[in-house]
Number of protein chains: 6
Amino acid sequence: MFQSIAFDEYQLNDTRETIGRTITETDIVLHAGQTGDFFPHHMDAEWCKTQDFGQRIAHGTLIFSVAVGMTATVINPLAFSYGYDRLRFIKPVFIGDTIRVKITIADKKDHKKPDFGVVSERLEVLNQRGETVMACEHLLLVRRQVENIQHRTSDIQHQTSNIGH
Amino acid sequence: MFQSIAFDEYQLNDTRETIGRTITETDIVLHAGQTGDFFPHHMDAEWCKTQDFGQRIAHGTLIFSVAVGMTATVINPLAFSYGYDRLRFIKPVFIGDTIRVKITIADKKDHKKPDFGVVSERLEVLNQRGETVMACEHLLLVRRQVENIQHRTSDIQHQTSNIGH
Amino acid sequence: MFQSIAFDEYQLNDTRETIGRTITETDIVLHAGQTGDFFPHHMDAEWCKTQDFGQRIAHGTLIFSVAVGMTATVINPLAFSYGYDRLRFIKPVFIGDTIRVKITIADKKDHKKPDFGVVSERLEVLNQRGETVMACEHLLLVRRQVENIQHRTSDIQHQTSNIGH
Amino acid sequence: MFQSIAFDEYQLNDTRETIGRTITETDIVLHAGQTGDFFPHHMDAEWCKTQDFGQRIAHGTLIFSVAVGMTATVINPLAFSYGYDRLRFIKPVFIGDTIRVKITIADKKDHKKPDFGVVSERLEVLNQRGETVMACEHLLLVRRQVENIQHRTSDIQHQTSNIGH
Amino acid sequence: MFQSIAFDEYQLNDTRETIGRTITETDIVLHAGQTGDFFPHHMDAEWCKTQDFGQRIAHGTLIFSVAVGMTATVINPLAFSYGYDRLRFIKPVFIGDTIRVKITIADKKDHKKPDFGVVSERLEVLNQRGETVMACEHLLLVRRQVENIQHRTSDIQHQTSNIGH
Amino acid sequence: MFQSIAFDEYQLNDTRETIGRTITETDIVLHAGQTGDFFPHHMDAEWCKTQDFGQRIAHGTLIFSVAVGMTATVINPLAFSYGYDRLRFIKPVFIGDTIRVKITIADKKDHKKPDFGVVSERLEVLNQRGETVMACEHLLLVRRQVENIQHRTSDIQHQTSNIGH
């Protein structure tokens, strides 16, 4: 769904939360297949038994990709996702864990281009026990409020929006 | 392949480069399927024709995940990947573009735990024209040189190593 | 996103339309792999050249599944999807065609259970030329208006809702 | 395998049964990925525990697609699959359930084109306990008996046959 | 479909041919993902341009696996597939090539167990120009003719049959 | 990683061993999907319970493909993989088994082309109990020692190298 949200409409400290998703053995096997990372931490159940964590763990890039995907429900043509800061893997995610994502508008800053501001969304990935397993800050360049957004939305924004997903 | 590399063995400014990989329509469809992000930027060729970029673009999380996977060739049991900084999507990656990753040891720092140091690897993803399309810094907590690494490698390291991949 | 919509809130002739999605060779190969239907109509480009349609065509079950998935944006805990009527494959969908779905509230009927009514949604799948390629009627058993939906939503509805997707 | 079966050769009430197939967690994850339907009924094991059905259930479109695929063993160039009637999801299919399909020639009717008739196959999907979990009627437009089928099979039939799969 | 075929029923020099299947970019990407073989011969279109073959080539194990799968149409409970001899990759298979398999009963031999014989099926994989791209010999241990196969088929055969597929 | 290894550098009886990989239900479902082999030995858990082996078994072509992929760590531009001999499926591989591959340089032979020799690698696939479940001989045509390999490596070798993977 397309929904235009201007820089001025983002409210600091607003939060929303996604529905949940269980991370399965299938997700890990598919992610190894997509990335080529077949490290035994993810793919060798026998070797994992000899380690303290005791079982296979999901790739960090899997949890990050799924978490970002879970937040991708509304297409904002005024916002351009250009990166992430402070991506941290805090706890391992095991097969069968269920994650959900809490999104907080953590910061709003001016940008050198006067028509734009920078919104920083804090993403926290929580497991079924409410523990934070991953966190990062998602950086969005967002057009400021305009009288008639429909007419002024430039193609430049469209061109680059969402490559960060 | 397992290969122990201690903190002291990482040389600042050392670089290595991966082989290449062509990003295909299949990769994008599979990544949408893994993440649930079916935004038209990635999935609707007709809508993309109406935008300045003119064609479907790869998800940022796809390029990040594939790039990290391309660097995952040697398992270092002394290193623990715990996060990424300054992940930036610099240029769009289109279907048929071929990427490779250049890795540079960009920084080495002490850590509060005296047995460890922090290594920062800079990842740059280049396309077939040599343009940087993505960059980030990969943070590794690495055990310092020890007389007999085989005996002193603690299970704690093993426990957490590589969840950042 | 969960959103409770009671039977009485569905408005006859209301329509909504999804965003688009391009049907790719990947989708067909994955659908063959999921269903085991490797018929040459879908999988043998050489044989298709000898037929009047001249090229590979998407499985009907692929178009139906994708179309239903494209409409699955809001989880209505008051509605239970129990079937489809008059599913018709009207035109072939080729690799590279882009489809979108138009949903119309086509019918509302009483049900023998007094607390429920039957809503019939008409799904029309359109290609990039606006041609209808598939159509069907989606049958929903929906709880009637209640004073306090939050409290009265029975587990029985939850139990069965959405198995039709 | 290609095998020409004319309208007159279909015998009312003839039945055949497929071999079985176990529906796995993998099938559900792949189907979510193909369709974009990540509803918690299919993907969130924790949420499902709070519902009466207690566990994740297969998408209706998955069971339908797999069931139709299971029946796709013989390519009849004289038959054109054009739709389905009365598709009903009768019982949930859980991870680990094994389904098979019983096909019955349920009806034969004239068609306005004198060279063709309409065959209605009833598909019943049974689980490992013999319970019917899904049912539908598959509609086939089939060429009538001809003296020399090899020569008279028109390209028009070939053109459209099987898009219903 | 289950169909019992005893050793004595296999006729030397009998041949059958499968329908065709086009090898797609998707197949190669999925096979890399399943096997972990991301060699540039299969995955790097730019590097392939610098080689004499000029384009990506399918993995040999992909062609072998697909070819064996294409022959798997009838389940013979009297036969046990235990291996392959002289598997040769004769010509590269490129994206878009369409393959089919010709199967010839190439040899029949006694086995030390008097109730069994060894059948050797020759598999030849042909592309759309009729060129042989792969060949191998499939070895089957098959029970000899018996008065009443239904009663004498031992569970031992069932136990191991088809692990060669 | 590219690494040139000439015929004369292969040492008879040298061995190496890969890391391990657990064969999952996902691998089997994906392999059925890639090959079209949905035989009940692999896909019908209920039928398998009625057989002596008691549970689903991995396709032979899956184990072969994964095993070959597991050995594909170094790209030798001087070697051309052209086939396999004596591929044997010795024990079934079940869901949850973990395999690794032991590679031995089993034979070195002259070739009619004086610049080349034939290297035969013996591949043995072992499960977590150390049992050999599959074995085969991998045939490599390898260029002999040359004064300056970098300059003399012919494009003809590049053209065909690795199609056996």
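The values are calculated or read from the model by the stated rules, or taken from the named source; none is laboratory data. Please read these numbers as outputs of a predicted model, since none were measured by experiment. Here Cβ is always computed from backbone atoms with ideal geometry, including for glycine, and neighbour counts include all displayed protein chains.
Any chance you could count how many residues in the range D:49-59 are among the hydrophobic types (A, V, I, L, M, F, W, C) and surrounded by fewer than 22 Cβ atoms within 10 Å (Cβ to Cβ)?
1
Could you check F:T73 against (1) modelled with pLDDT of 95 or more; (2) within 21 Å of the chain's Cα centre (by Cα) and say which number it fails?
Against the list (1) modelled with pLDDT of 95 or more; (2) within 21 Å of the chain's Cα centre (by Cα), F:T73 comes up short only on (1).
Can you pull out the residues in the range E:64-74 that are crowded, with 24+ Cβ neighbours inside 10 Å and touching a residue at least 40 places away in the same chain (Cβ under 8 Å)? Steps first, please.
To start, the set of residues in the range E:64-74 that are crowded, with 24+ Cβ neighbours inside 10 Å comprises E:64-69.
Answer for the range E:64-74, where residues must be crowded, with 24+ Cβ neighbours inside 10 Å and touching a residue at least 40 places away in the same chain (Cβ under 8 Å): E:F64, E:V66, E:A67, E:V68, E:G69.
From the list A:I57, A:I28, which one is over 19 Å from A:C136 (Cα atoms) and touching a Pro at 6+ places or on another chain (Cβ under 7 Å)? Break it down into steps so the answer makes sense when it comes.
Values: A:I28 fails: touching a Pro at 6+ places or on another chain (Cβ under 7 Å).
Of A:I57, A:I28, the one residue that is over 19 Å from A:C136 (Cα atoms) and touching a Pro at 6+ places or on another chain (Cβ under 7 Å) is A:I57.
Of the residues that sit in the range A:47-75 and are in contact with a helix residue (DSSP H, G or I) (Cβ under 6 Å, 6 or more places away or on another chain) and among the polar types (S, T, N, Q), which one is nearest to A:I103 (Cα to Cα)? Don't jump to the end; show me each part of the working.
Step one: filter the range A:47-75 for residues in contact with a helix residue (DSSP H, G or I) (Cβ under 6 Å, 6 or more places away or on another chain), giving A:47, A:51-53, A:55-59, A:61-62, A:65-66, A:68-69.
Still in the running and among the polar types (S, T, N, Q): A:51, A:55, A:61, A:65.
Values: A:Q51: 33, A:Q55: 29, A:T61: 18, A:S65: 15 Å.
Selected residue: A:S65.
Within the bounds of the range B:122-133, is there any residue that is within 23 Å of B:F2 (Cα to Cα) and either touching a helix residue (DSSP H, G or I) at 6+ places or on another chain (Cβ under 7 Å) or assigned to a strand (DSSP E or B) (or both)? Full working, then the answer.
Kept after step one, since they are within 23 Å of B:F2 (Cα to Cα), are these residues of the range B:122-133: B:122-123.
Subset that is either touching a helix residue (DSSP H, G or I) at 6+ places or on another chain (Cβ under 7 Å) or assigned to a strand (DSSP E or B) (or both): B:122-123.
Yes, because at least one residue in the range B:122-133 is within 23 Å of B:F2 (Cα to Cα) and either touching a helix residue (DSSP H, G or I) at 6+ places or on another chain (Cβ under 7 Å) or assigned to a strand (DSSP E or B) (or both).
Within the range A:2-9, is even one residue surrounded by 19 or more Cβ atoms within 10 Å (Cβ to Cβ), of a type outside the set (D, E, K, R), touching a residue at least 40 places away in the same chain (Cβ under 8 Å) and more than 14 Å from chain E (Cβ to nearest Cβ)?
Within the range A:2-9, the subset surrounded by 19 or more Cβ atoms within 10 Å (Cβ to Cβ) is A:7.
Right, trim to of a type outside the set (D, E, K, R) and you get A:7.
Right, trim to touching a residue at least 40 places away in the same chain (Cβ under 8 Å) and you get A:7.
Then drop every residue that is not more than 14 Å from chain E (Cβ to nearest Cβ), which leaves A:7.
Checked against the condition, which is being surrounded by 19 or more Cβ atoms within 10 Å (Cβ to Cβ), of a type outside the set (D, E, K, R), touching a residue at least 40 places away in the same chain (Cβ under 8 Å) and more than 14 Å from chain E (Cβ to nearest Cβ), the range A:2-9 yields at least one hit.
Inside the range C:71-104, can you point out the residues that are within 15 Å of C:A135 (Cβ to Cβ) and of a type in the set (A, V, I, L, M)?
Hits for the range C:71-104 are C:L87, C:I90, C:V93, C:I99, C:V101, C:I103.
Within the range D:129-138, can you find the residues that are farther than 15 Å from D:V66 by Cβ and either in contact (Cβ under 8 Å) with a residue 40 or more places away in the chain or within 13 Å of the chain's Cα centre (by Cα) (or both)? Let's see the steps before the verdict.
So the first thing to find is which residues in the range D:129-138 are farther than 15 Å from D:V66 by Cβ, and the list is D:129-132, D:137.
Scanning the range D:129-138 gives D:E131, D:T132, D:E137.
Could you tell me which residue of the range F:82-98 is farthest from A:T50 (Cα to Cα), considering only residues that are facing chain E (nearest Cβ under 7 Å) and of a type outside the set (D, E, K, R)?
So in the range F:82-98, the residues facing chain E (nearest Cβ under 7 Å) come out as F:82-89, F:92.
If we keep only those that are of a type outside the set (D, E, K, R) too, we end up with F:82-84, F:87, F:89, F:92.
Working: F:Y82: 38, F:G83: 37, F:Y84: 35, F:L87: 32, F:F89: 29, F:P92: 25 Å.
For the range F:82-98, the residue satisfying everything is F:Y82.
Only one of (1) within 11 Å of another protein chain (Cβ to nearest Cβ); (2) under 21 Å from B:A32 (Cβ atoms) is not met by A:V101, so which one is it?
The failed condition is (1).
Considering C:T26, C:T35, C:T50, which residue is in contact with a Gly (Cβ under 6 Å, 6 or more places away or on another chain) and without any contact (Cβ under 8 Å) to a residue 40 or more places away in the chain?
Going through C:T26, C:T35, C:T50 in turn, the sole match is C:T35.
From E:T18, E:T26, grab the single residue that is crowded, with 23+ Cβ neighbours inside 10 Å, modelled with pLDDT of 95 or more and among the hydroxyl-bearing types (S, T, Y).
From the options E:T18, E:T26, the qualifying one is E:T26.
Condition check ((1) more than 25 Å from E:S81 (Cα to Cα); (2) more than 14 Å from chain A (Cβ to nearest Cβ); (3) of a type in the set (D, E, K, R)) across all residues:
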residue: E:Q11; (1), (2), (3): no, yes, no
residue: E:D14; (1), (2), (3): no, yes, yes
residue: E:I19; (1), (2), (3): no, yes, no
residue: E:T22; (1), (2), (3): yes, yes, no
residue: E:T26; (1), (2), (3): yes, no, no
residue: E:V29; (1), (2), (3): yes, no, no
residue: E:G36; (1), (2), (3): yes, no, no
residue: E:A45; (1), (2), (3): yes, yes, no
residue: E:C48; (1), (2), (3): yes, yes, no
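Return the residues of the range A:116-153 that are out of contact with any Phe, Trp or Tyr (no Cβ under 8 Å at 6 or more places or on another chain), modelled with pLDDT of 95 or more and under 14 Å from A:F80 (Cα atoms); say none if nothing qualifies. Write out each step before concluding.
Start the filter on the range A:116-153 by keeping residues that are out of contact with any Phe, Trp or Tyr (no Cβ under 8 Å at 6 or more places or on another chain), which leaves A:118, A:120-132, A:135, A:146-153.
Next, only the ones that are modelled with pLDDT of 95 or more stay: A:118, A:120-132, A:135.
Once the filter is applied, which keeps residues that are out of contact with any Phe, Trp or Tyr (no Cβ under 8 Å at 6 or more places or on another chain), modelled with pLDDT of 95 or more and under 14 Å from A:F80 (Cα atoms), the range A:116-153 yields A:V118, A:S120, A:E121.
Which one of the conditions (1) within 7 Å of chain A (Cβ to nearest Cβ); (2) in contact (Cβ under 8 Å) with a residue 24 or more places away in the chain does B:P77 fail to meet, given that it meets all the rest?
Of (1) within 7 Å of chain A (Cβ to nearest Cβ); (2) in contact (Cβ under 8 Å) with a residue 24 or more places away in the chain, only one is false for B:P77: (1).
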